[in-house]
Protein chains: 4
Amino acid sequence: MKEKIRMGMIGGGKQAFIGAVHRIAANIDGLIELCCGALSSNPENAKASGKDLFLPDDRIYTSFEEMIISESKLPASERMHFVSIVTPNHLHFEPAMLALTHGFHVLIDKPITFSLEEAKALKAKAEETGLLICLTHTYSGYPMVKQAKQMISEGALGKIRKVCVEYPQGWLSLPAPMENKQAAWRADPAKSGISGCMADVGTHAAHLAEYISGLQITQICADLNIVVEDRLLDDDGNVLLRFNNGANGILMASQIAAGEENAIKIRVYGEKGGIEWHQMEPNTLTVRWLDQPTQVYRTGNSYLSDIAKFNTRTPSGHPEGYLEAFANIYKNFALTIEAKQEGIEPTPEILDFPNAMDGVRGMAFIENVVASSKSDQKWFDFKV
Amino acid sequence: MKEKIRMGMIGGGKQAFIGAVHRIAANIDGLIELCCGALSSNPENAKASGKDLFLPDDRIYTSFEEMIISESKLPASERMHFVSIVTPNHLHFEPAMLALTHGFHVLIDKPITFSLEEAKALKAKAEETGLLICLTHTYSGYPMVKQAKQMISEGALGKIRKVCVEYPQGWLSLPAPMENKQAAWRADPAKSGISGCMADVGTHAAHLAEYISGLQITQICADLNIVVEDRLLDDDGNVLLRFNNGANGILMASQIAAGEENAIKIRVYGEKGGIEWHQMEPNTLTVRWLDQPTQVYRTGNSYLSDIAKFNTRTPSGHPEGYLEAFANIYKNFALTIEAKQEGIEPTPEILDFPNAMDGVRGMAFIENVVASSKSDQKWFDFKV
Amino acid sequence: MKEKIRMGMIGGGKQAFIGAVHRIAANIDGLIELCCGALSSNPENAKASGKDLFLPDDRIYTSFEEMIISESKLPASERMHFVSIVTPNHLHFEPAMLALTHGFHVLIDKPITFSLEEAKALKAKAEETGLLICLTHTYSGYPMVKQAKQMISEGALGKIRKVCVEYPQGWLSLPAPMENKQAAWRADPAKSGISGCMADVGTHAAHLAEYISGLQITQICADLNIVVEDRLLDDDGNVLLRFNNGANGILMASQIAAGEENAIKIRVYGEKGGIEWHQMEPNTLTVRWLDQPTQVYRTGNSYLSDIAKFNTRTPSGHPEGYLEAFANIYKNFALTIEAKQEGIEPTPEILDFPNAMDGVRGMAFIENVVASSKSDQKWFDFKV
Amino acid sequence: MKEKIRMGMIGGGKQAFIGAVHRIAANIDGLIELCCGALSSNPENAKASGKDLFLPDDRIYTSFEEMIISESKLPASERMHFVSIVTPNHLHFEPAMLALTHGFHVLIDKPITFSLEEAKALKAKAEETGLLICLTHTYSGYPMVKQAKQMISEGALGKIRKVCVEYPQGWLSLPAPMENKQAAWRADPAKSGISGCMADVGTHAAHLAEYISGLQITQICADLNIVVEDRLLDDDGNVLLRFNNGANGILMASQIAAGEENAIKIRVYGEKGGIEWHQMEPNTLTVRWLDQPTQVYRTGNSYLSDIAKFNTRTPSGHPEGYLEAFANIYKNFALTIEAKQEGIEPTPEILDFPNAMDGVRGMAFIENVVASSKSDQKWFDFKV
């Protein structure tokens, strides 16, 4: 790498949770530089936030349009390489489309857009322009998740028969107070879209299930619930699954599972054994066998696959966490941008980040579970 | 107690797994005496098994009919007080009905009968005769399960919103070899009934969910699967649940979850917090709260409820297990028989064992999940 | 087995904790029958306790002398086979010696006696008479402990380099109230002997370390403490260890480790790997390797050693606990008595219970740690 | 903060493990900028490493002397604020002293120096110049460690009675191959100093024990071992401890605990309860009480102390790890430098990083355990 990859951020001003996470993820490996930002739709907040982040005054913008247009006029050696979009869901599509139109790669917080239609349009635009879209399905960035995917793809478990994925959180167990910005926009259909819990965390679970198993969901039977009174969007749900190889599954997602933190967990059972991974102890992958002692694979050990090692920074026993998983997505995206800059074909290793297709499937998941939940029909075809 | 309670066992001869477990459970507290048995339908096995168990020759019977008739003619001070029926499912009803008819209390391994109809008939007979029926839903015998039930009934978690229960096993991941008797009868519809996995372990999960939560299942949406080729009965299944207070839930049961041992686990979430209990670490009850540190309740501590303490034999840190949970059911049943013998009203504490009503609901569970699974209708009313 | 093995119990009347545990352990497998007892030195308590246990009036004795003499006069087909001594430490030697003198095998709760000298005298008497002494070092009765011992003896870990054993309890963190009988006699040098914590739980830890590793302690450096004011005996201690093969180790035992239940735990490290076992999750044995995933061995699985299987009653995932570990000692002892009765050489499998030699080493441990703790000399030879 | 704090790195070129960790830690929060480096004593490696890190050519130095002198001549607005020294132990003192002499703050990887004497000299120089020294005892940077320290200092556990700290690793179980640079210098007395294992990991354990408990070690009894043949320095050791309030303790450190990763763990017991923390699950703090359920405190929750929250970046359930703990030390050090730049008194919150005094105590620990281990005297006064 001859220079750092330059990032412009849209959203993520003061008080925004996920913007700070994205910046840490971009910082960790020292490969990416925050060069400009349109950090808030409020100009004062945008300016103050830019100053806090040590941005030069002339690259603190007050709208994404201004940023994209202005940056596109800078010399190639100065202008940003990609935008990172960390706004609420309803504000993903427009800046993403504008960035693609002006030749910038795009990284977006999940879900990719407000609707499936928008997602398809972005995917088409990316294909047309040859630009990259990266989606931050963080949990696929963990080394032990990659280890599981690798073992399953190599057939270690035999044919996959059952996938159980769950994502219980408890933080929306009570009606959210007005001042909680995170909770507020997620509960507002105009900003979040047609789903609450399933859009926010269910999509992570669905992505993880497909990523690890290498399978695709083909049929669902969904039961979405509004548990806390006066909510407009689901805050809980259970979904029966069928996959394209005949495997069955369950997906549970909840934001009213009182006392749970961020307990995304997956189990995949095959003919020969099963794997289990919990995000809250992410450096452990439990592998169970029919007639042998259970094995505990741990991040950082010599016996792991190359792909797990490539996404690890520390030796075994030095726990990596959520921010490092997030950083793996940024790092792989940045290395792929760099390869493209240099006209090199990106390796599968660095292309291993969620992309536009994952974004489309995620939006399809949201639309399908909402439709299935409203239907009296038991099994509902998963349409993309 | 003036004398030990006398038990006659039906089934449970050499090589039978569950018969040995029942005898240990009956032995542990020294309150129950095995006084006679019809331990096998094979007369030679019956005799050899009786000798192994130190039974006197004249109380080793070769059929349950012989045993029940003969015992009923002995003086009250000698004859058995109850029968323990540990035969395969299709051989529960007849001996149970005959025992009730001849004035003996009845303990039966779950599920109570071969069909819901039989279960209702037994329940009616027990009510008519005033005799007791006890069903060994073992998992409800654990002290920490009773603690959870107690806390929930006292409102510690607020209104219950969600119940997730699962019972993964892996022992039927491969086609069972002919010589495995346990696997063989369970896979045979003529002996097991209309369901395999759901009858064998799903009923435990359903019972545990209702026992701990104090709720009743009112609607289900079931997806039963035959995963291993050539099986005739379900070996896996996922069920969406709705409860009588509006709570939702999931029940997963599987015998093809490769590598899993006997991993029945339950989580119940209410407005204020949630509980979690795993059978494989049964002395721990995890209680999570909205805004306080998670608490870990442990068997044998002074802060537990009276009902948990009543069902515990050792101080904290001296783990009790499956056999002690089983023994709690036997002990409470024996103490209730004794109270009845002495004309005393049994206390709620000793009446705390699964009974005929639980048996009827268990059979209803089996019939409903099988029917729901075959149906295209999404939500299926749980009919008893 | 043609008849049950008959046990006479000394001590263990109402309110005694460990007596009840011994009876459950003896009951579990249905091989042993409590036939008589001298359950308390208080005649009324002795009688009431005997009645509670359904003993016939003529075999409820009011002193151990009466019991041993009377039983020795009964015909062989009726009289007890062994005594179980569950009194405080200072009341072990006399009944044990009298029993041996009258031809009865002896089972004693640990530590075997009040002093090393007494222990040696008992051992000599047992050798002289050919009678058996069994000592209830419960923790060596767990199947996973036996699995660990077996693996180590077969060289799975290579040469052993380090042994870390600890036994923290918290129940004596406060001055014990007068009415706690368990705490009272243990704190009284006239009843407990020269040590409190080390005699009560340290001996278990030392036995476990030697049992699992197959090594013997040869040198110690002990630091015993009286943490709670006004105690007369140690309630806490740390000991550096050296073993006969050059391995080093640590033994920590405490009864003032506030909040701990009964957390005996051991780790043994060899050249090739290490094992870890916790009593509070006794069905799990963790085995770590230099360059392979950690393995989790679990009770009841087909891949375990014969000796582990022989000491297990239930399939994997059906947790066995403290009472079953205790029962394994009783069962093996009973089977050995039976073999002797029938003139058969006991197999190593059934001889696998702690014996007089373990009792002598346990008393030596107590005397050596107390002496070492008082000494200014760093390393103290472990003298037996 | 008006500008990023500028760091110059000494050591940490290609292939160096700990240098990369330091850079990530410095990067995470976007507050620190790597502005120059003398990354290797090999000029070619120094230059290549500097290029890889996007350093401008004129600030890639080939010796620490060159770097310190050159930087000191740059205008204040450009020159580095501090040096980060990540060389082997024998190369800490000289650059640190030179940096202090030229007005630069100093951050050093632990142990602070090669000898206690050097450590005292650095501390004196820092006091004389008013410059800061920061030592990366990483484990004190974890939020749950700070929570534990806070609770103990507020008396939640009552008077502290016992501290058990251990740091088992297994990576030196075999003679290290020549090409392992990490292992090689640590095993060489000329580079590592008078101790191997105790200097490398034992010092972390000792620091953690004093940091969390708020106590100071006053007496020790050490048993250091060379387990792998032909080593020149200890690779394992056990130490009995006494603290200044009368509490006792144990410290175990090993690099031949085969199969262990990086398992530093601490337990502290007081009159009212005890805490337990494991580095490999760092977001969990277990708090046990005499008569209440055990509590599990978890990073990121609202009920935690301010100091824990100040050192956390993500919401509960989003695990932070080793790199974030490391980053907390860098962040607090940078904020303190900034406060000093601006003439503001640093708050206790930002001053919470290990300093010169910790460095001196760490070197004293090494010298004392080595001396104690060689001595026949049991208790050895901890001299600083």
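The values are calculated or read from the model by the stated rules, or taken from the named source; none is laboratory data. Small disclaimer: the values here were computed from a predicted structure and weren't measured. When we count neighbours, we look across all protein chains shown, and the Cβ atoms used for this are built from the backbone with ideal geometry, even at glycine.
When segment D:224-246 is filtered for residues that are surrounded by fewer than 23 Cβ atoms within 10 Å (Cβ to Cβ) and under 23 Å from C:Ser373 (Cβ atoms), the ones remaining, listed by number, are D:Asn225, D:Arg242, D:Phe243, D:Asn244, D:Asn245, D:Gly246.
As a summary of the residue check, B:Asp291 satisfies the conditions (1) crowded, with 20+ Cβ neighbours inside 10 Å; (2) in contact with a Ser or Thr (Cβ under 7 Å, 6 or more places away or on another chain); (3) of a type in the set (Asp, Glu) except for the one numbered (1).
Return a yes/no flag: does segment C:227-238 have any residue that is in the same structural domain as C:Lys159 (by TED's automatic domain parsing), farther than 16 Å from D:Cys164 by Cβ and either within 17 Å of the chain's Cα centre (by Cα) or in a strand (DSSP E or B) (or both).
Step one: filter segment C:227-238 for residues in the same structural domain as C:Lys159 (by TED's automatic domain parsing), giving C:227-238.
Adding the requirement that they be farther than 16 Å from D:Cys164 by Cβ leaves C:228-234.
Next, only the ones that are either within 17 Å of the chain's Cα centre (by Cα) or in a strand (DSSP E or B) (or both) stay: none.
No: zero hits.
Within segment D:15-37, being over 12 Å from A:Ile28 (Cα atoms), touching a residue at least 40 places away in the same chain (Cβ under 8 Å) and not hydrophobic (A, V, I, L, M, F, W, C) holds for D:Gln15, D:Gly19.
With respect to the stated conditions, B:Gly196 fails to be among the small types (Gly, Ala, Ser) and within 12 Å of another protein chain (Cβ to nearest Cβ). Only one of the numbered conditions (1) within 17 Å of A:Asp109 (Cα to Cα); (2) surrounded by fewer than 16 Cβ atoms within 10 Å (Cβ to Cβ); (3) among the acidic types (Asp, Glu) is violated by A:Glu65, and that is (1).
Specify which of the listed residues (D:Ile344, D:Ile337, D:Ile350, D:Ile366) is within 26 Å of D:Leu224 (Cβ to Cβ) and either over 13 Å from the mean Cα position of the chain (by Cα) or modelled with pLDDT under 95 (or both).
D:Ile366
Just one of B:Leu116, B:Leu107 is of a type outside the set (S, T, N, Q), touching a Ser or Thr at 6+ places or on another chain (Cβ under 6 Å) and within 25 Å of B:Ala190 (Cα to Cα); which is it? The unique qualifying residue is B:Leu107.
Under the condition of being in a loop (DSSP other than H, G, I, E, B) and either within 13 Å of chain B (Cβ to nearest Cβ) or not small (Gly, Ala, Ser) (or both), which residue from segment A:177-193 is surrounded by the most Cβ atoms within 10 Å (Cβ to Cβ)? Let's see the steps before the verdict.
Restricting attention to segment A:177-193, the residues satisfying the condition of being in a loop (DSSP other than H, G, I, E, B) are A:177-180, A:187-188, A:193.
Cutting the leftovers down to either within 13 Å of chain B (Cβ to nearest Cβ) or not small (Gly, Ala, Ser) (or both) gives us A:177-180, A:188.
Numbers: A:Pro177: 8, A:Met178: 8, A:Glu179: 7, A:Asn180: 13, A:Asp188: 16.
Looking at the filtered set, the residue picked out is A:Asp188.
Considering segment A:275-300 alone, what residues qualify as being part of a loop (DSSP other than H, G, I, E, B), touching a residue at least 60 places away in the same chain (Cβ under 8 Å) and facing another protein chain (nearest Cβ under 7 Å)? Within segment A:275-300, just A:Pro282 meets the criteria.
Would you please name the residue that is surrounded by the fewest Cβ atoms within 10 Å (Cβ to Cβ), looking only at residues in segment C:4-14 that are in contact (Cβ under 8 Å) with a residue 60 or more places away in the chain and farther than 15 Å from B:Asp29 by Cα? Once the filter is applied, the top-ranked residue is C:Arg6.
If I ask for residues that are more than 30 Å from D:Asn301 (Cα to Cα), within 11 Å of another protein chain (Cβ to nearest Cβ) and aromatic (Phe, Trp, Tyr), which ones from segment B:301-335 would you list? Matches in segment B:301-335: B:Tyr322, B:Phe326. Within segment C:38-45, the presence of a residue that is more than 26 Å from C:Gln341 (Cβ to Cβ), in contact (Cβ under 8 Å) with a residue 60 or more places away in the chain and either in contact with a Ser or Thr (Cβ under 7 Å, 6 or more places away or on another chain) or among the polar types (S, T, N, Q) (or both) is excluded.
A residue that is among the hydrophobic types (A, V, I, L, M, F, W, C) and either closer than 28 Å to C:Thr312 by Cβ or surrounded by fewer than 24 Cβ atoms within 10 Å (Cβ to Cβ) (or both) occurs nowhere in segment C:36-45. Against the criterion of being touching a Lys or Arg at 6+ places or on another chain (Cβ under 8 Å) and surrounded by fewer than 24 Cβ atoms within 10 Å (Cβ to Cβ), A:Glu276 qualifies.
Of these, B:Ala119, B:Ala148, which one is buried (at least 24 other Cβ atoms within 10 Å of the Cβ), outside the structural domain of B:His278 (by TED's automatic domain parsing), under 21 Å from B:Ala253 (Cβ atoms) and not basic (Lys, Arg)? Before you say what the answer is, go through the steps one by one.
Details: B:Ala148 fails: outside the structural domain of B:His278 (by TED's automatic domain parsing).
The conditions single out B:Ala119.
Within segment B:262-274, being more than 9 Å from chain A (Cβ to nearest Cβ) and touching a Ser or Thr at 6+ places or on another chain (Cβ under 8 Å) holds for B:Asn262, B:Val268. Taken over segment A:15-30, residues that are more than 9 Å from chain D (Cβ to nearest Cβ), crowded, with 19+ Cβ neighbours inside 10 Å and in a loop (DSSP other than H, G, I, E, B) amount to 1. As for segment C:272-284, it holds at least one residue that is assigned by TED's automatic domain parsing to the domain that holds C:His204, modelled with pLDDT of 95 or more, in contact with a strand residue (DSSP E or B) (Cβ under 9 Å, 6 or more places away or on another chain) and among the hydroxyl-bearing types (Ser, Thr, Tyr).
Checking each residue in segment D:210-241 for being within 14 Å of chain C (Cβ to nearest Cβ) and out of contact with any helix residue (DSSP H, G or I) (no Cβ under 7 Å at 6 or more places or on another chain) picks out D:Thr218, D:Gln219, D:Asn225, D:Ile226, D:Val227, D:Val228, D:Glu229, D:Arg231, D:Asn238, D:Leu240, D:Leu241. Only residues that are modelled with pLDDT of 95 or more, in a loop (DSSP other than H, G, I, E, B) and either among the polar types (S, T, N, Q) or in contact with a Cys (Cβ under 9 Å, 6 or more places away or on another chain) (or both) were counted across segment D:41-62, and they come to 4.
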